[in-house]
1. For B:Asp214, A:Asp153, what's the fewest-to-most ordering of other Cβ within 10 Å of each Cβ?
2. Give me the dipole magnitude in Debye, nearest 20, for the range B:4-104 about the Cα centre, with unit charges on the beta carbon: positive for Lys and Arg, negative for Asp and Glu.
3. Relative to the other copies, what are the label-point distances for B:Arg119, with labels 7 Å from Cα along the C-beta vector, expressed in nm at one decimal and sorted shortest first?
4. Please state, rounded to one decimal and in Å, the Kirkwood hydrodynamic radius that the range B:1-57 gives when every pair of distinct Cα atoms enters the mean of 1/r.
5. Return the equivalent ellipsoid semi-axes of chain A as a descending list in whole Å, where each equals the square root of 5 times an eigenvalue of the C-alpha gyration tensor.
6. In whole Å, largest first, what are the principal axis extents of the Cα atoms in the protein assembly as shown?
7. Hey, rough spin-label estimate for A:Glu34 and B:Glu190, points 7 angstrom out along Cα→Cβ, what's it come to in nanometres?
8. I need the inter-copy label distances for A:Gln89: point set 7 Å along Cα to C-beta, values in nm with one decimal, smallest first.
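The numbers here are math on the coordinates, done by the rules we state, and not lab data. Treat the numbers as computed from the prediction; the structure is a model and nothing was measured. Cβ atoms come from the backbone with ideal geometry, glycine included; neighbour counts cover every protein chain shown.
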Protein chains: 2
Amino acid sequence: MTATVRIEDPADPRLADYTDLTDVELRRRREPAEGLFMAEGEKVIRRALEAGYPLRSMLLTDRWLDVMADVAEAADGPVYVASPELVEQVTGYHVHRGALASMQRKPLPDPAGLLAGARRVAILEAVNDHTNIGAIFRGAAALGMDAVLLSPDCADPLYRRSVKVAMGAVFSVPYARLAPWPRALETVREAGLTVLAMTPAEEAVPLHELPPADLERCAVMLGAEGPGLTRKALDAADRLVRIPMSHGVDSLNVGAAAAVAFYAVGYGHAAH
Amino acid sequence: MTATVRIEDPADPRLADYTDLTDVELRRRREPAEGLFMAEGEKVIRRALEAGYPLRSMLLTDRWLDVMADVAEAADGPVYVASPELVEQVTGYHVHRGALASMQRKPLPDPAGLLAGARRVAILEAVNDHTNIGAIFRGAAALGMDAVLLSPDCADPLYRRSVKVAMGAVFSVPYARLAPWPRALETVREAGLTVLAMTPAEEAVPLHELPPADLERCAVMLGAEGPGLTRKALDAADRLVRIPMSHGVDSLNVGAAAAVAFYAVGYGHAAH
């Protein structure tokens, strides 16, 4: 077992990974640059480890030492224990779930590799909101998408907020960056997938009227909440697709729209 | 045109409808008791009026007087104008959208009346979170549900937060309270609808494998995020139904789950 190390000084340099967690702009730059991300709470930490992310270190309050004993025992990195007050001083917020882990990122896979075996993938363009990225990953994992491909300006799926909203689902669906954008969409088409661009445009085909041939192997492409897909992304798609809308409503939020689209391409035509 | 009335005193009793808007507990009791609800922002106010809710009064900052001129002109109730600072003093928060309206509630329809002509309805049990109520209504409206029925302990769809999250969709789908709960589910069955209870339970039928007969006229019943439907609601259903899940994920958030279920019963079996 890794011996636990009690920390009494909030300036202890061994806690450097955990500082200023509420400064989104700072962490957004720091975490990818330093090759780390934060897992928060028992469930998320366990899921990150199961998904094979190496543990750099763990920071627990005393209350959580028992709950996390088996994780601590198996841990490769140091396990720090501190009071809730000290943890709050270091991180900048009250950590309700009493357990934080600094995890090592893994190199992102090559999109072509992910696409080779994939039947259904999600492609996100410029989704730069961590909550939305998390919600979309949760839907993609739950509804059986094989991979998620991100335009270069999408937010980080491993940012703390994304991971939390996704309930750890960001660990279970493989993802990659697709660059240059949108030229790299050619890679998707070359892999044999039909690129379906989700848009509210009238001329788009309703999701439930897609020809079955489009669904054999396909990529569902979604843009950011509000602006939606850019002109160049729409132009690069094989087909424009819309969710049927009633009662004068013009859209769903992007998490719900993604879930509906993932369900439809995965299961919507299966039964009859 | 209704003359606008300039208000200079935050204690002016004519603004009584607009006080303490940030006190959720207070407003949650006060608004139904006084038969009013708040519409916030141009879009939502216009939608509420289009849906036939009478205007009690409107409160605008100067900047919004022009934008809302046609609404003010047609208004039955008084239109108050005040500085952003005064509006903030009265309401308790900075009203970004600069326009608030106090609307009169309408009597809720009888469930049996709504059910008579309905092909697809949503039933919610104990969804007591305003954000979730709003998200579910947005999905229900967008995806063509004919009505929403609420157990007595559901949150108020006309509460400001619900309306905002629903983007006003709470005005476009008729809804009613279903009481006593769950006995009143009999009304739904007597109206000829199949009651489908959404649950993650293993023994439930996957949504995409439902027999078409279940979908001719049906009610999709959902519980609160977390606990889900109660035992007695599950027992009262005709069929247990689950969303197929992959990658070890156990659930979607309730807004996304609702949207997927509404899409599936509305469109999932339509094409082939």
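1. In increasing order of surrounding Cβ atoms, one gets A:Asp153, B:Asp214.
2. Dipole of the range B:4-104, to the nearest 20 debye: 320 debye.
3. 3.0
4. After inverting the mean inverse Cα-Cα distance, the result is 13.1 Å.
5. 39, 18, 17
6. Cα extents, longest axis first: 72, 60, 50 Å.
7. 6.6
8. Once sorted, the set of distances for A:Gln89 reads 4.2 nm.
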